[in-house]
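To start, the structure under review is shown below, and the notes come after it.
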Amino acid sequence: MLKYATIFCVIAALCVGAPQNPQDVQILRFDSDVQPDGYSFAYETSDGTSRQEEGKLDNPQSENAALTVTGQYAYVAPDGKHYTVTFTAGPNGFQPKTSLGQK
């Protein structure tokens, strides 16, 4: 009997810890704006994932034109911790900063 109880507990633990089915995730918010000199977008989903990003074209009329992108994305890891990454990307490369939130 103990063997069956142990097997049941293991199966129950696996079911509870199973990742959310990606098909069950809903888009709660989505915004987008694309212009000749830049863009922006943002979204948020029901599983705690979100992203915001803005790109601007610097010096658009010169041969030194460059796209500078700033943004942030956040998600809940499988261990339940909330991670946020804020970043800048441009002439100096990709520069992320990560922070860890509460469970």
Item checked: Selection from region 50-64 of residues that are among the polar types (S, T, N, Q) and surrounded by 15 or more Cβ atoms within 10 Å (Cβ to Cβ) -> SER50, GLN52
Check: Which one is farthest from LEU57 (Cα to Cα), of the residues in region 74-88 that are modelled with pLDDT of 95 or more and among the hydrophobic types (A, V, I, L, M, F, W, C)?
Finding: ALA74
Note to self: Looking at (1) out of contact with any strand residue (DSSP E or B) (no Cβ under 9 Å at 6 or more places or on another chain); (2) of a type outside the set (A, V, I, L, M, F, W, C); (3) open to solvent by less than 50 Å² (accessible area, probe 1.4 Å), which one does ASN92 not meet, given that it meets all the others?
What the structure shows: (3)
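Residue-wise test of (1) of a type in the set (A, V, I, L, M); (2) surrounded by 10 or more Cβ atoms within 10 Å (Cβ to Cβ); (3) under 30 Å from LEU67 (Cα atoms); (4) at pLDDT 90 or above.
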{"position": "PHE8", "(1), (2), (3), (4)": "no, yes, no, no"}
{"position": "ALA13", "(1), (2), (3), (4)": "yes, yes, no, no"}
{"position": "GLN20", "(1), (2), (3), (4)": "no, yes, no, no"}
{"position": "VAL25", "(1), (2), (3), (4)": "yes, yes, no, yes"}
{"position": "ARG29", "(1), (2), (3), (4)": "no, no, yes, yes"}
{"position": "GLN35", "(1), (2), (3), (4)": "no, yes, yes, yes"}
{"position": "TYR39", "(1), (2), (3), (4)": "no, yes, yes, yes"}
Next item on the list: Could you grab the pairs with beta carbons closer than 7 Å, sequence gap of 6+ or different chains, first residue in region 32-49 and closer than 28 Å to ALA77 by Cα and among the acidic types (Asp, Glu), second one modelled with pLDDT of 95 or more and open to solvent by 60 Å² or more (accessible area, probe 1.4 Å)?
Entry: GLU44/LEU28; GLU44/ARG29
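The values are calculated or read from the model by the stated rules, or taken from the named source; none is laboratory data. In this text, all values refer to a predicted model and were calculated from it rather than measured experimentally. Note: ideal-geometry Cβ built from the backbone for every residue, glycine included; neighbour counts use all protein chains shown. These accessible areas exclude ligands, DNA and RNA; they are computed on the full protein's heavy atoms, side chains included. Shrake-Rupley method; radii C 1.70, N 1.55, O 1.52, S 1.80 Å.
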